[in-house]
Amino acid sequence: MARLTYCQAMAKHLSKLDGWIEQPDWPRVACPSCGDGTLAPGTLVPACDVRSARLEAKRQRGGRPEELTGTFHGQLLCDNSSCGQIVSVAGDWQLIVNESGNPELGSFVENYRVRYANPPLRLLETPPATPATVRQGIESASSVLWASPGSAANRLRYAVEELLTAKKVRQNTMTRKKKRRRLSTGERLGLLEQSHHDVAKMLEAVKWIGNDGSHTEGLTASQVMEGAEILEMALKALYDRKDAELQKKIRAINRAKRLPRKQG
């Protein structure tokens, strides 16, 4: 397979892949493998549905061009030469009249809508100390994001529940009749709020988005990504020590009124 010769580009937010994409404007998103390179289309192969196949057959016999619909499959390639990850993609395809005003695109333009990507594209970055069960929930959400955003939102809610368990927030309580009752996610978040107020509020927002995934049709991938961004913020607050380490260095410099001398 021939290598692409373009230079690495700045990665776009994953939401740029949500919805219809004109082929020339395909957004470059971060590689799920190395995280340093960006992905761009290699080969994208469209396939007409039954109606469009008939229209295309008429065109080839001398009929007029028509707008077409169908599906596609193909590959996205990482531009990081030390990575070279290939991501398989599939989804919806359409050939529609060019209304962009750009004559270079011709009379018709191809549009694509992603429904599947493997390996899954990263919904969010997790700090190294993030519990494995929480990572698994996030990865599960990433795997179904394009095919079923509602299911992805539900799986982010599952990641919230696993995070509460990892933080040792209790799962059950005893009723007045001495019967064990399972606490709801909202009740558990209330317990977490006593020690981590801001984080609990972030996770509550992710929970509500997960609820929408269960009860509301038409949830979009971009809306799920909003929940992922909030969850990422909560995980960084709990498990990313970079800010705390930087604050420690700042205090040391201010105390010494210079860079502290290294020992040894």
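The values are calculated or read from the model by the stated rules, or taken from the named source; none is laboratory data. A quick note: this is a predicted structure, and the numbers were derived from the prediction, not measured. Glycine also receives a Cβ, built like all others from the backbone with ideal geometry; neighbour counts cover every protein chain displayed.
Of the residues examined, LEU76 is one that is more than 17 Å from VAL109 (Cα to Cα), within 34 Å of the chain's Cα centre (by Cα) and surrounded by 15 or more Cβ atoms within 10 Å (Cβ to Cβ). When you check VAL114 against the structure, is it closer than 24 Å to LYS12 by Cβ, out of contact with any Ser or Thr (no Cβ under 9 Å at 6 or more places or on another chain), assigned by TED's automatic domain parsing to the domain that holds PRO24 and in contact (Cβ under 8 Å) with a residue 60 or more places away in the chain, yes or no? When the stated conditions are applied, VAL114 passes them.
Go over the candidates THR173, THR165 one by one and state the one that is in contact with a Lys or Arg (Cβ under 8 Å, 6 or more places away or on another chain), among the hydroxyl-bearing types (Ser, Thr, Tyr) and either closer than 25 Å to SER143 by Cβ or not in a helix (DSSP H, G or I) (or both).
Details: THR165 fails: in contact with a Lys or Arg (Cβ under 8 Å, 6 or more places away or on another chain).
Exactly one residue qualifies, and that residue is THR173.
For residues that are of a type outside the set (Ser, Thr, Tyr) and surrounded by 16 or more Cβ atoms within 10 Å (Cβ to Cβ), scanning just the range 234-264, find the one that is farthest from LYS207 (Cα to Cα). Before the answer, list the steps.
At the first step, the residues of the range 234-264 found to be of a type outside the set (Ser, Thr, Tyr) are 234-238, 240-264.
Still in the list and also surrounded by 16 or more Cβ atoms within 10 Å (Cβ to Cβ): 234-236, 238, 240.
Numbers: ALA234: 13, LEU235: 15, LYS236: 18, LEU238: 17, ASP240: 22 Å.
Across the range 234-264, the extreme among qualifying residues is ASP240.
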